[in-house]
Amino acid sequence: MMDAGEKRSLRRGDTVANVAKPDAERAGSQERRGTTPDSRRAASLLVVCPAFNESESVAAVVAELRSAVPHADVLVVDDGSTDATALVAERAGARILQLSFNVGVGGALRAGLLLGHREGYAAIVQCDADGQHRASEIPALVDALSSADIVIGERWTTAGYVVRGPRRWAMRLLAGVFSRVHGTRLTDVTSGFRAFGPAAVEVLSRELPPEYLGDTIEALVIARAYSLRVVQVPVQMRERLAGAPSHRPVRAALYLARSVTVLFLSMLRLVGRRRRLPGMPA
Amino acid sequence: MSRTSVVGALGALLVVSSVVRLIMRGRLRVQYAALWLVIGVAVAGIAVVPGVLDATATSLGFTVPANFLFFAGLVLLLLVGIHLSVALTRAEDHVQRLAEEVALLRERMGRPDRHSG
């Protein structure tokens with residue numbers, strides 16, 4: 001899977017600061033397009049936007065990312081869209097991964113992490129393609145990677161962001177469980193605005209389960225199994241540019257039930273032997 | 001041989017022959033076929049020599065041998081179902097991996113298509 005140049009030891013404690021730009025020695029070209037991705041010098045930051053039928057909002061999101069974090073590469077993962085999401089995003093200047101069929105946020109994220117891992121990015125930020133996340137908050141997320149492997153953008157400080165009923169209970173339960181599991185305050189574990197350091201990218205590009213809630217709940221369980229450090233940073237959200245979140249009670253109740261089920265089943269991963277990163281001493 | 005033995009043996013023969021036919025046509029992998037062949041042969045054995053079933057059932061405390069048969073059959077089918085779920089999970093994981101690899105290759109090739117698929 002990895003060639004010799006890419007094979008470097010990743011361990012708990014590797015940070016953006018001390019992971020030297022790994023592809024520097026085999027950097028052949030500065031061109032963004034026209035060369036094979038592996039041969040070009042990787043920017044240190046990759047922003048991954050999983051997108052499913054987001055042609056209305058994706059161009060604005062990409063444009064915002066490019067102006068707010070000009071040193072980053074923007075990658076839109078088109079998760080089997082039936083509209084022109086990929087074309088629109090490419091015209092806006094993003095790199096595109098096109099999945100042949102819809103695999104969900106977790107699967108799309110994993111594809112983006114895999115690309116980031118292969119090309120040796122020092123940090124990857126996950127950001128929604130619907131415009132609810134502010135690109136200007138990305139530097140704060142990336143900065144926090146200096147003392148963590150996964151940084152979660154926590155949304156509760158956003159004025160007017162209120163969640164009620166079963167969905168709120170589910171979020172509170174998850175917050176309580178994961179705060180205890182990771183030994184740090186985690187109040188918004190289902191946020192889709194996150195930053196991943198190289199150790200987390202290595203593990204999650206391999207193990208993230210491509211199924212419902214796999215990208216949030218199970219990702220944090222896997223992080224614990226590999227002793228990855230997780231922290232949260234407050235972020236301000238924006239009203240979605242297109243589409244609306246569902247607040248229907250039945251769906252919310254279903255969400256609670258599914259979260260609890262996934263939570264307890266995925267906790268089984270923590271039973272038994274501790275996993276090690278490839279570079280970790282035995 | 002009693003009439004029930006004949007029916008049982010015919011049923012087992014049907015299972016075994018269809019499994020063999022599926023392997024010959026390349027529509028069933030030997031890995032999964034082996035399981036069904038073992039089950040088919042076991043059913044045939046019980047049909048031809050019902051005494052084995054009676055003796056086993058009695059020694060395990062079943063008063064009606066048929067109940068033992070139903071119980072064993074149910075447990076067996078549940079295990080087969082779990083085995084298939086495991087196989088499906090692995091297959092889905094491979095499909096997902098391949099979708100990712102294809103996406104990465106397409107990215108290298110250049111321009112995206114208007115519609116994916």
Residues whose placed amide H lies under 5 Å from that of A:VAL47, excluding near-sequence neighbours: A:ASP73, A:VAL74, A:LEU75, A:VAL125
Rule-of-thumb Rg ratio for the range A:62-171 [Cα; 2.2 N^0.38 Å; N residues]: 1.17
222 nm mean residue ellipticity, helices alone, for chain B (DSSP H n ≥ 4; -39,500 (n - 2.57); rounded to 500): -29000 deg cm²/dmol
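Please tell me the relative contact order of chain B in percent, rounded to the nearest whole number, where contacts are Cα pairs under 8 Å and at least six residues apart. Display every interim value, and only then the final one.
Numbers: 54 pairs, mean separation 24.5, N = 117.
The value is 21 percent.
Which value, in debye to the nearest 20, describes the size of the charge dipole of chain B about its Cα centre when Lys and Arg Cβ atoms bear +1, Asp and Glu Cβ atoms bear -1, and nothing else is charged? Each step should come with its number before you reach the end.
Numbers: 11 positive and 7 negative charges, 94 e Å.
The dipole magnitude comes to about 460 debye.
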Accessible area of A:ARG224 in the full protein assembly, 1.4 Å probe (Å², nearest 10): 60
Accessible area buried at the A-B interface, both sides summed, 1.4 Å probe (Å², nearest 100): 2300
Inverse of mean 1/r across different Cα pairs in chain B, Kirkwood, Å: 17.9
Span-like helix ranges in chain B, DSSP H, alpha carbon extent 30 angstrom or more, Kyte mean at least -0.5: B:3-24, B:65-109
Amide H partners (placed H, <5 Å) of A:GLU54, local residues excluded: A:THR85
Amide H contacts of A:GLN132 (H built 1.01 Å from N, under 5 Å, at least 5 apart or other chain): A:LEU241
Per-residue ³J(HN,Hα) for the range A:157-170, Karplus 6.51 cos²θ - 1.76 cosθ + 1.60, θ = phi - 60°, Hz, x for Gly and Pro: 6, 5, 4, x, 8, 10, 10, 10, x, x, 4, 5, 4, 4
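Give, to the nearest whole percent, the P(r) tail of the range A:59-125 beyond 14 angstrom, counting all Cα pairs. If you can, show how the numbers build up before the last one.
Values: 1285 of 2211 pairs.
Percent of Cα pairs beyond 14 Å in the range A:59-125: 58.
The values are calculated or read from the model by the stated rules, or taken from the named source; none is laboratory data. Source: prediction; values computed, not measured. We place every Cβ from the backbone using ideal geometry, glycine too, and count neighbours over all the protein chains shown. Protein only, heavy atoms only, side chains kept; ligands, DNA and RNA dropped before computing areas. Shrake-Rupley method; radii C 1.70, N 1.55, O 1.52, S 1.80 Å.
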